[in-house]
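Taking it in order: structure first as structure tokens, then the write-up.
Here, each number is a calculation from the coordinates, and none is a lab measurement. Predicted model, so just to flag it, every value in this text is computed and none were measured. Using ideal geometry, Cβ is built from the backbone for each residue, glycine included, and neighbour counts are taken over all protein chains shown.
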Amino acid sequence: MVAGAVVFLIGLAGAGCVPAAAWALQASPVKQESQAFDDFTQRVKEYLTLHKAAESSLPRLKSTTHGKTIIDRQHVLAQKIAEARSNAKQGDIFSPEISEQFHHVIRSKFHGAGAPNIRQTIRQGEPLTNVQLIVNGAYPGNLPLTTVPPTLLINLPQLPREVAYRIVGHDLVLLDTEARIVIDFIPGTIP
């Protein structure tokens, strides 16, 4: 009698496990994406703490119409951030796991129904190719600030106002909008 009950329970558990296992396999990429994006958000927060510390060490910028004053302050801020991140390299924010998830999300949107609109928006920004990006390097002044199309942006982690996604050629760039420096980038992720 006990053996029959055990066989019956195993049969029930087995019947329930197949759909659960299939569901777990389907949910797994979402969980990985969530974990990678949570890790990314934490890394951006850490960068922002560093940015704010560098910014707080500068004299407060008074209202001015002189562009040179603003640009000079921007350069000093960039220099302080670069000094604080002197060992920074590509992949510090966009780790391999994070890059893989960004790559997956971006590629899926480029193959979806909105792909033509995404491509058109990027082309309108006149993205340049053959630009060498350097972490902590100045975002080249001659480059257009090609933004990430909204239909793609809504699928990526939100950023604080001091940080933005930009597209340079086929690379996704994380830009410090106040210091105008490259925080990190994912090479070749934009088809």
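Quick notes on this one:
- For residue 90, nonlocal amide neighbours, meaning residues 5 or more places apart or on other chains whose placed amide H falls under 5 Å from its own, are 135.
- Residue 39/residue 107 FRET efficiency (R0 22 Å; Cβ-Cβ; nearest 0.05): 0.65
- Backbone phi angles across the stretch 99-106, fed through the Karplus curve with coefficients 6.51, -1.76 and 1.60 (θ = phi - 60°), yield HN-Hα couplings of 4, 4, 5, 4, 4, 4, 5, 5 Hz in residue order; Gly and Pro are listed as x.
- Point-to-point label distance, residue 115-residue 131, nm (Cα→Cβ direction, 7 Å offset): 2.5
- Sequence-distant residues sharing a close amide H with residue 170 (under 5 Å, placed H): 188
- FRET efficiency, residue 151 to residue 56 (Cβ-Cβ, R0 30 Å, nearest 0.05): 0.25
- Amide hydrogen neighbours beyond the local backbone of residue 181, cut-off 5 Å, H modeled: 139, 176
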